[in-house]
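Colleague: Right, I'll just put the structure down here and ask away after.
Read-outs: derived from the displayed coordinates by stated rules, not from any lab. All of these numbers come straight from a predicted model, not from anything done at the bench. Cβ atoms come from the backbone with ideal geometry, glycine included; neighbour counts cover every protein chain shown.
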Amino acid sequence: MIMEVTIKLFLMRLAYAEPEMEIAPETCFHPQEQQAMEQYMKNLEGSTQKQKNTYSKKDLKRYVWVIARLGGWKGYESNRHPGITTLWIGLKRFKDIMQAYNTFKDVSTR
């Protein structure tokens, strides 16, 4: 379990460190997790254009942006990129959100 989190954190940090590189989101997140992030992203985006997630759905940066915002990152590109601690906190919060998402999905289909 620790190895999985470590690899995810490494890939997420790499996605932001290399602006030209486009990493597929499937390397870190399952399609169901991506779907949950797409729905939750509306709550994290601000009202200004600078606080919108402008990355492509085919790029891991789009979902790292969500994890970073959950970890407390403000979302401004003028600030430095999110660090490992911010991503780790965001990943922990996202696991809780996914658990609630799956519970709601199971309950709402009965």
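Colleague: Between the DSSP loop rule and a limit of at most 11 other Cβ atoms within 10 Å, which chymotrypsin sites (Phe, Trp or Tyr not before Pro) in segment 5-110 are left? Show your work: numbers first, answer last.
Modeller: On the way: sites: PHE10, TYR16, PHE29, TYR40, TYR55, TYR63, TRP65, TRP73, TYR76, TRP88, PHE94, TYR101, PHE104; in loops: PHE29, TYR55, TRP73, TYR76.
Sites meeting the loop and neighbour criteria: TYR76.
Colleague: Can you show me the helix-derived [θ] at 222 nm for the chain, built from DSSP H runs with n ≥ 4 at -39,500 (n - 2.57) apiece and divided by the number of residues, rounded to the nearest 500. Mind dumping the intermediate values first?
Modeller: Details: 4 runs with 66 residues, N = 110.
So the helix-based figure for the chain works out to -20000 deg cm²/dmol.
Colleague: From the list (1) 8.4; (2) 5.9; (3) 7.2, can you say which value of mean projected area of the Cα convex hull in nm² was derived from the structure given?
Modeller: (3)
Colleague: Scan around ILE23 for amide H atoms under 5 Å from its own, H built in the peptide plane at 1.01 Å from N, and keep only partners 5 or more places away or cross-chain.
Modeller: LEU60, LYS61
Colleague: Could I ask something else about it? Can you give the longest run of the chain that contains no GluC sites (Glu not before Pro) sitting in a DSSP loop with at most 11 other Cβ atoms inside 10 Å? Write down the numbers at each step before the final one.
Modeller: On the way: sites that count: GLU20, GLU77.
Counting at most 11 other Cβ atoms within 10 Å as exposed, the longest clean stretch of the chain is 21-76.
Colleague: What's the tally of Lys pairs in the chain whose alpha-carbon atoms lie under 19 angstrom apart, where the two lysines are 8 or more places apart or on different chains?
Modeller: Here the count comes out as 22.
Colleague: Search the structure for amide H atoms under 5 Å from the amide H of GLY71, placed 1.01 Å from N in the peptide plane, and list their residues when 5 or more places away or on another chain.
Modeller: Correct list: GLY90.
Colleague: Follow-up question, since we're still on this one. In segment 8-69, which trypsin sites (Lys or Arg not before Pro) fall in coil by DSSP and have 10 or fewer other Cβ atoms within 10 Å? Could the numbers behind the result be given before it?
Modeller: Working: sites: LYS8, ARG13, LYS42, LYS50, LYS52, LYS57, LYS58, LYS61, ARG62, ARG69; in loops: LYS52, LYS57, LYS58.
Here the sparse-neighbourhood loop sites are LYS57.
Colleague: Grab the alpha carbons of segment 67-106, take their convex hull, and tell me the volume per residue in Å³.
Modeller: Working: hull volume 2.1 nm³, N = 40.
It comes to 54 Å³ per residue, whole-number rounded.
Colleague: Follow-up question, since we're still on this one. If the viscosity is 1.567 mPa s and the temperature 4 °C, what translational diffusion coefficient in µm²/s does Stokes-Einstein give for segment 3-66 when Rh comes from Kirkwood over Cα pairs?
Modeller: Details: Rh = 12.2 Å.
My calculation gives 106 µm²/s for D.
Colleague: Right, another one. Just to be sure I understand the rule: take each whole DSSP H helix in the chain, project its Cα atoms onto its long axis, keep it if the span is 24 Å or more and its mean Kyte-Doolittle hydropathy is at least -1.0. Which ones pass?
Modeller: Span-like helices in the chain: 84-108.
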